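The values are calculated or read from the model by the stated rules, or taken from the named source; none is laboratory data. Worth saying up front: this structure is predicted, and the values here are computed from it rather than measured. Methodologically, a virtual Cβ is constructed for each residue, glycine included, from the backbone with ideal geometry; neighbour enumeration extends over all protein chains shown.
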Amino acid sequence: MRDVTPSNYESLYAVKIMNLGYETTVKELRHLFKKYGQIGDIYIVKNPVTNKSRGFGFVKYYKRQDAIEAAYYLDGEIFYGKKLRVYLTDEKLRRSLASRVRGSQSHSSDSSSDYERKFVTVKVENLPYKTREEDVKKWFYHCGPIADVYIPRVRNSGLNKGYAFVRFYRKHDATFAIANLNNKQYHGRKIRVIKAKYGKPPPFRQFKCGSSPLASKYKKHR
């Protein structure tokens, strides 16, 4: 289920679409995505045995900005009764999208309360103790642009404390993460993903072992 492959296929910019209806056609996807730019290829992934849609596909654009626009505006779109997840497959483009989302945030002051209101934070519990920030980012990246990942660590050993905080720019990305990753298996552990009661204060990383006054305040409200 794809259009004719263009000659410069490898240079196209792709968005991945998750949660498609199983009856969705290439024509219907084209109608939805064409408003954001010229499309070079559309592909709906099918089960090789049953030849039925597996519920996800790809749209590729000739221009990088068109792909970014499509991911920005169509992520979370209700399409034939299904809430689409639309995200960029290229890491550089995802960073561009994150910048675009950041730019849409209100430019309020940098007090801890104003800073925190810009984001929606989820708490990830029961992590393996050697989990790193990049591991968590990789696991959550398909949920939407991530502002930051923070993993509290034991002062002497450097091991994490078994939980982390992931901040999203958009509320529906955090909601999607909770709905789709809560109680999933991660390296042999059932991970709990919930909305954090308190968001993370401004960056800790300039301080060692949570020595920031903000870090101390944060621990009291965890």
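Here is how the numbers come out for the structure above:
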item: The lone exception for residue 138 - which of (1) surrounded by 13 or more Cβ atoms within 10 Å (Cβ to Cβ); (2) modelled with pLDDT of 80 or more; (3) in the same structural domain as residue 171 (by TED's automatic domain parsing) it fails; result: (1)
item: Hits in the stretch 67-87 (condition: without any contact (Cβ under 8 Å) to a residue 60 or more places away in the chain and in contact with a helix residue (DSSP H, G or I) (Cβ under 9 Å, 6 or more places away or on another chain)); result: 67, 68, 69, 70, 71, 72, 73, 74, 77, 79, 80
item: In the stretch 49-74, residue surrounded by the most Cβ atoms within 10 Å (Cβ to Cβ) [restricted to those that are of a type in the set (D, E, K, R) and closer than 13 Å to residue 93 by Cβ]; result: 60
item: Output for the stretch 122-151, where each listed residue is among the polar types (S, T, N, Q) and either in contact with a Pro (Cβ under 7 Å, 6 or more places away or on another chain) or in contact (Cβ under 8 Å) with a residue 60 or more places away in the chain (or both); result: 126
item: Complete set of residues in the stretch 66-80 that are under 16 Å from residue 145 (Cα atoms) and assigned to a helix (DSSP H, G or I); result: 67, 68, 69, 70, 71, 72, 73, 74
item: Answer from 22, 36, 43, 72 - the residue that is at pLDDT below 90, more than 15 Å from the chain's Cα centre (by Cα) and not assigned by TED's automatic domain parsing to the domain that holds residue 170; result: 36
item: Residue tally, condition touching an Asp or Glu at 6+ places or on another chain (Cβ under 7 Å) and not acidic (Asp, Glu), over the stretch 39-95; result: 6
item: Restricting the stretch 142-168 to residues that are outside any strand (DSSP E or B) and touching a helix residue (DSSP H, G or I) at 6+ places or on another chain (Cβ under 7 Å), the residue that is surrounded by the most Cβ atoms within 10 Å (Cβ to Cβ); result: 144
